[in-house]
Amino acid sequence: MARPSDPNARADLLAAAEAVFIESGVESATIEDITRRAGRSKGSFYLHFAGKDDAFLEIVQTALGTLSGLLDAAHLELRGAHDPEEHLRAWLEKDVEIFEFLWANRGVTRLLLAGGGCAQFGYLIYEFAERARARTKRLFAEGVSLKLYRSNL
């Protein structure tokens with residue numbers, strides 16, 4: 001009878017991969033570095049991931065998904081704040097949440113800003129930045145239409 005897979009293996013491997021990627025960059029990291037840090041076998045790694053790029057993309061997608069969710073929540077809350085004082089209070093609260101997330105995940109954030117430490121993943125930060133820029137532009141336009149901001153801002 002086959003032994004059931006360890007339900008913690010994937011999480012252990014992702015945590016180890018994140019740490020190794022932060023230390024070495026994606027290009028320099030090896031599967032052996034990741035599995036050694038996780039205390040897992042290479043077979044276990046390949047049971048969960050096609051390769052280190054696959055693990056890196058999952059780490060990035062998780063971080064960007066959370067950050068995108070925080071930005072979406074900020075956008076929704078700020079849309080409902082019509083009083084300038086309420087708007088600024090809500091904006092500050094959301095900024096603090098976003099910056100706390102970035103600080104708590106500063107290693108991954110640094111890695112993202114560096115495109116994973118390799119040219120292959122540089123596009124990730126640009127795609128995210130473009131979405132954030134468009135979202136911010138819409139938010140400012142809504143603020144102008146609500147007379148919360150000057151039109152020449």
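The values are calculated or read from the model by the stated rules, or taken from the named source; none is laboratory data. Computed from a prediction, not measured in an experiment: that's the story for all the values here. As a convention, Cβ positions derive from the backbone with ideal geometry for all residues, glycine included, and neighbour counts pool all protein chains shown. Calculation scope for accessible area: heavy atoms of the full protein, side chains included, ligands and nucleic acids excluded. Shrake-Rupley method; radii C 1.70, N 1.55, O 1.52, S 1.80 Å.
A few comments on the model shown:
- For the chain, the longest piece that avoids every one of the trypsin sites (Lys or Arg not before Pro) found in DSSP loops with at most 13 other C-beta atoms within 10 Å covers 1-146.
- Each other residue within a Cβ distance under 13 Å of PHE99 adds +1 if Lys or Arg and -1 if Asp or Glu, for a net charge of -2.
- Legend: calculated FRET efficiency, PHE101 to THR30, from the Cβ-Cβ distance at R0 = 25 Å, rounded to 0.05, equals 0.30.
- Nearest 10 degrees, 0 to 90: helix 9-24 Cα axis against the chain principal axis: 70
- Based on DSSP H segments of at least four residues, each scored -39500 (n - 2.57), the chain has a per-residue ellipticity at 222 nm of -24500 deg cm²/dmol.
- Taking the protein heavy atoms of the chain in the context of the full set of protein chains, the accessible area attributed to carbon and sulfur is 57 percent at 1.4 Å.
- A viscosity of 1.002 mPa s and a temperature of 20 °C, combined with the Kirkwood radius over Cα pairs in Stokes-Einstein, give a translational diffusion coefficient for the stretch 34-115 of 142 µm²/s.
- About the centre of its Cα atoms, the stretch 86-153 shows a dipole size close to 220 debye [charges on the beta carbon of Lys, Arg (+1) and Asp, Glu (-1) only; nearest 20 debye].
- For the stretch 8-144, the equivalent ellipsoid derived from the Cα gyration tensor has semi-axes of 36, 15, 11 Å, listed largest first.
- Of all lysines in the structure, the ones whose alpha carbon falls short of 20 Å from that of LYS42, not counting any fewer than 8 places away in one chain, are LYS52.
- Computed with a 1.4 Å probe over protein heavy atoms only, the accessible surface of the chain comes to 62 Å² per residue.
- Candidate lysines for bridging to LYS137, where Cα separation is under 29 Å - those fewer than 8 sequence places away on the same chain excluded: LYS94, LYS147
- Between the helical axis of 52-79 and the longest alpha-carbon principal axis of the chain there is an angle of about 20 degrees.
- For the chain, the longest principal axis of the C-alpha atoms and the axis of helix 84-104 are separated by about 10°.
- With contacts taken as Cα pairs under 8 Å and at least 6 residues apart, the chain reaches a relative contact order of 23 percent.
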